[in-house]
There are 2 protein chains.
Amino acid sequence: MPQKVRIALDAMGGDVGASVVIPGAAIALRRHPDAEFLLYGNSKLIDEQLAKYPALKAASRVVHTDVTVAMHDKPSQALRRGRKSSSMWLAIDAVKKGEAHVAVSAGNTGALMAMARFHLHTMPGIDRPAIAGVWPTARGESVVLDLGASIGGDHHHLVALAVMGGAMASVLFGKPRPTVGLLNIGVEEVKGGEEIRKASEQLRAMNLPELEYIGFVEGDGIGMGAADVIVSEGFSGNIALKAAEGTARQMADFLRQAMAASWMSRIGYLFARKAFKALRDKLDPNKSNGGVLLGLKGVVVKSHGGTNAEGFAYAVDVGYEMVRCDLLTKINQMLNRDGSALAQAQTAQEAVS
Amino acid sequence: MPQKVRIALDAMGGDVGASVVIPGAAIALRRHPDAEFLLYGNSKLIDEQLAKYPALKAASRVVHTDVTVAMHDKPSQALRRGRKSSSMWLAIDAVKKGEAHVAVSAGNTGALMAMARFHLHTMPGIDRPAIAGVWPTARGESVVLDLGASIGGDHHHLVALAVMGGAMASVLFGKPRPTVGLLNIGVEEVKGGEEIRKASEQLRAMNLPELEYIGFVEGDGIGMGAADVIVSEGFSGNIALKAAEGTARQMADFLRQAMAASWMSRIGYLFARKAFKALRDKLDPNKSNGGVLLGLKGVVVKSHGGTNAEGFAYAVDVGYEMVRCDLLTKINQMLNRDGSALAQAQTAQEAVS
C-alpha cells in the first residue's frame, strides 16, 4: 500500500481540458490529502488554472507537452501522432514507468484504450481490456462491464470479464465472494446466443471461490441490483449504460416540467425541495463518472469527455480508490489462482460440453 | 379498410390468462366500439369473465380449447404440443384464414414468434421477423425494433428492419418520410462492427423516398427522440428496452421514497399531487405495452406476460391501430417499391463497397 497515491492526469483530455481537469483535481485533493499529481499538457494553460488552487499546485508537478489527442482522432491516428509525445500518452507512460500509480484521462476513449493496451500490455490470460463502471442500483452499487471497450467476444472473453469484474467488486465493496450475472435477454438457460450460454456453463462449472455465479440477468435486473457484477460484451454493455442514462435524464426533465406546471405544484416543490435535492444528489450522473480499464498491467481511468470539474473529481476518486484497494494485485490473484483460473476455465468447459 | 376490426385473442396467454385478457378486451372495446373479438381458450374460464362484461360478450365469439402453451415451454415444445390446438395457435390461425385482422397474445414470446413464423410465413425478402415497440421520448414517440425476436443479424437484416420500422412509423405517426437511425455505441462512421457500418452505408446509398436515414444513434438518443425509428438487432434492442424500463422503475421508487421522507416533503407531495399524477400517467409502463411482430404475412401483437387488464387493453389498441392504418399494405409497398427495395439494397451496397 503506497504512502502517497500518485495520480497522472491527462490535463488536455475531454471537451475543455485544463479548465475542467485542474479544478476537478483540486476537489479530489481536498477529499484525498494524501494524493499527489503529475499533470501532462500545455504548461501555460495548466499553470493559469493552478494559480487558483495553491494546495493543488503544491501537490503537483507539471510536465509540458504541445501534443494533444483530439476527441475525434481514430485510435490508429492517435497512436501515430500522439505516441511518446501527447499528454494522454505521457500520463500512461508515468504508470508504465512506476512514476504514477494510476492515470486518469477524459480524452478520446478509443485512443486511450489503444494507447493503454499498446504501452501497458494486457495481463497474462487477458486478450482484450474492458471498461468497468459503478452503477447505482436500488440496493446500492454494482460493477458493470464491458461498457464499450470492445465489441462481441467469445465465451472465454466473457469469463475473463466475470473474473476481472469479480475482483473489482470484491475490493471495492469489501465482499469476499461477490455475486456475478451475465447480461442476457432472458433468465432461462436456453436464452441468448451460443457464446453466452457457454460462458454460463463454464462459470457454473468453475464454481470459483472468489465469485458466486448466479446466472443470467435481464436489462432491468442491473438497476434492481440483481448481482454485484453484471457482465456483458461491450456493445450491449454500452447500449444498456446509455439507455439507462438517457432514461434518467428524460425522467428528470419530465419531473421538472410537472413541478413547474401550476402554482400548486410549484408550492409543492417548495415544501419538498429538500427531498428533491436529496433525489438530485442520489441521481447525480457525475457520481458515476469514471470507468476503470481492466485487464491491463496498470490502472487507467476514463472520465466522460463532457464532464464538469465535479464529475472529473469523481473519476479521480475512482482511480484513487482502485490504487488504495490494490485492484491489480487482486485481479492477478484471481487470474492466477491454482495456476490460472482462465486456463482452468477451458478444462471446465471441456468437461461439461 | 375493414368496417369492423376483428381481433383474435389468446385468452389463456400471460401469467394469469382470462382474468386479465377478458377485462382488458372490455376496456379496449369501450375505446373502439367497432371491434369484434374471437376468444380462444378454456370456454368455462372465458365465460365466467364474459358474464361481467355484457357489451364484450355481445361483440365476441368464444372458441373452446383445452390446450395452452406454457410460459416456459421452449418454442420447439410449444410447436410440437400446441400446433393446431392451442389457444395461441388458434388465434394466429384465425389471422391466417382471414377470420381475424390481428391476433394478440400475452403468452410465451418465443412460442408466439415460432408459431406465427411457421404458420403465417415471412414476407418476401424478409428472413426473420422482428418485434417493434413504441417508445415514449422527450419529443413524442419513436418506433424501436428489434426488441428481442432474434439475436444478431447481418446488414441485410438491419436494412430490412429499417424498412419495416419506417413503414410502421409512417402509418402510426402519419409521417410520409420518418427519420431512421441505427443504434450504435457512437455516432462516428467508424463506430460499431462491420455489419452495422455496412447497413449504414447501404441505407445512405439507397436514399429511400419513404424514410430519411440519419446515421448512428447512441443508447441515450432513443429517449431524446433522435429519430422516429431506432433500429437494432434483437439482443441489444432488448437490453436497451429493459435497461430503460428498469431505470424508470428505479427512479419512480427513489422519488416515492424522497416524497415520503419528511412531513415537509409529504405536504409538498399533497400540493403537487396533480403534477405527480400527470407524471405517473406519462410514464405508465402499461401505455407502452404491445410489441408488433413485423415481417409476417399477418399482424400479430405481443403483450407483456405480466401485464394487468389496463396494459393488455393497450396491446389490443396497438393491434387495432395497426389494422386501421393498414400496416401490412404499407410494409409490402415499401418492400416492393420499384421491384424490391431490399433487392435494390443489395445493388446499392455493391455500388459503394
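Read-outs: derived from the displayed coordinates by stated rules, not from any lab. Note that the coordinates shown come from a computational prediction; the quantities given were computed from them, not determined experimentally. No Cβ is skipped: glycine too gets one built from the backbone with ideal geometry, and neighbour counts run over all protein chains shown.
Quick notes on this one:
- Spatial separation of Cα centroids for the range B:228-296 and the range A:1-44, in angstrom: 38
- Shown here for the range B:22-105: trypsin sites (Lys or Arg not before Pro) in loop regions (DSSP other than H, G, I, E, B) with at most 15 other Cβ atoms within 10 Å, namely B:Lys52, B:Lys84, B:Lys97.
- Nearest-first distances (nm) between copies at A:Pro33, label 7 Å from Cα via Cβ: 7.8
- Stretching the chain fully between B:Thr122 and B:Glu189 yields a gain of 21.0 nm (0.36 nm per residue, less the alpha carbon separation).
- Test item: A:66-76 mean partner chain Cβ contacts at 10 Å: 1
- Taken along its principal axes, the alpha carbon cloud of the range B:127-288 reaches lengths of 60, 31, 28 Å, longest axis first.
- Each copy carries a label point for B:Trp263 at 7 Å from Cα toward Cβ; from one copy, the others' points are 2.6 nm away, ordered from shortest.
- Note on the protein assembly as shown: antiparallel DSSP beta bridges, both residues inside, total approximately 30 percent of the bridges counted.
- Note on A:Glu48/A:Leu270: beta-carbon distance plugged into 1/(1 + (r/R0)^6) with R0 of 56 Å gives a FRET efficiency of 0.85.
- Neighbour net charge for B:Thr179 - beta-carbon separation under 14 angstrom, K R +1, D E -1: 0
- Placed amide H near A:Ala149: partners under 5 Å, 5+ positions off or other chain: A:Ile131
- Candidate cross-link partners of B:Lys282 among the lysines, defined by an alpha-carbon separation under 24 Å and a same-chain spacing of 8 or more, comprise A:Lys242, A:Lys277, A:Lys282, B:Lys175, B:Lys242, B:Lys274, B:Lys302.
- When chain B is treated as a GNM with alpha-carbon contacts under 10 Å, the residue of B:Asp154, B:Asp253, B:Asp34 showing the greatest mean-square fluctuation is B:Asp253.
- Within the range B:14-119, GluC sites (Glu not before Pro) in DSSP loop having at most 15 other beta-carbon neighbours inside 10 Å: B:Glu99
- Local net charge near A:His64, Cβ-Cβ under 14 Å (Lys/Arg +1, Asp/Glu -1): -2
- With a 10 Å cut-off around each Cβ of B:253-265, the average count of Cβ atoms from other chains is 5.
- Note on B:279-287: average number of Cβ atoms from other chains within 10 Å of each residue's Cβ is 2.
- Taking chain A as a Gaussian network of alpha-carbon nodes connected by springs under 10 Å, the highest mean-square fluctuation of the residues A:Leu270, A:Leu90, A:Leu203 belongs to A:Leu270.
- C-alpha center-to-center spacing [the range B:119-193, the range A:127-156] in angstrom: 26
- Reciprocal mean inverse distance between Cα atoms of chain B - Kirkwood radius, Å: 21.0
- Listed by chain and number, the lysines placed with their C-alpha closer than 16 angstrom to that of A:Lys84 are A:Lys96, A:Lys97; residues fewer than eight positions away on the same chain are left out.
- Choice from B:Ser150, B:Ser76, B:Ser236 showing the highest fluctuation, given a GNM over chain B with Cα pairs closer than 10 Å: B:Ser76
- Across the identical copies, the 7 Å label point of B:Gly98, projected outward along Cα→Cβ, sits 8.4 nm from its counterparts, in ascending order.
- Shape parameters for the range A:200-315, alpha-carbon atoms, Rg then Dmax in Å: 19.0, 61
- Each 20 Å bin from 0 upward holds the following percent of the Cα-Cα pairs of the protein assembly as shown: 17, 46, 31, 6, 0.
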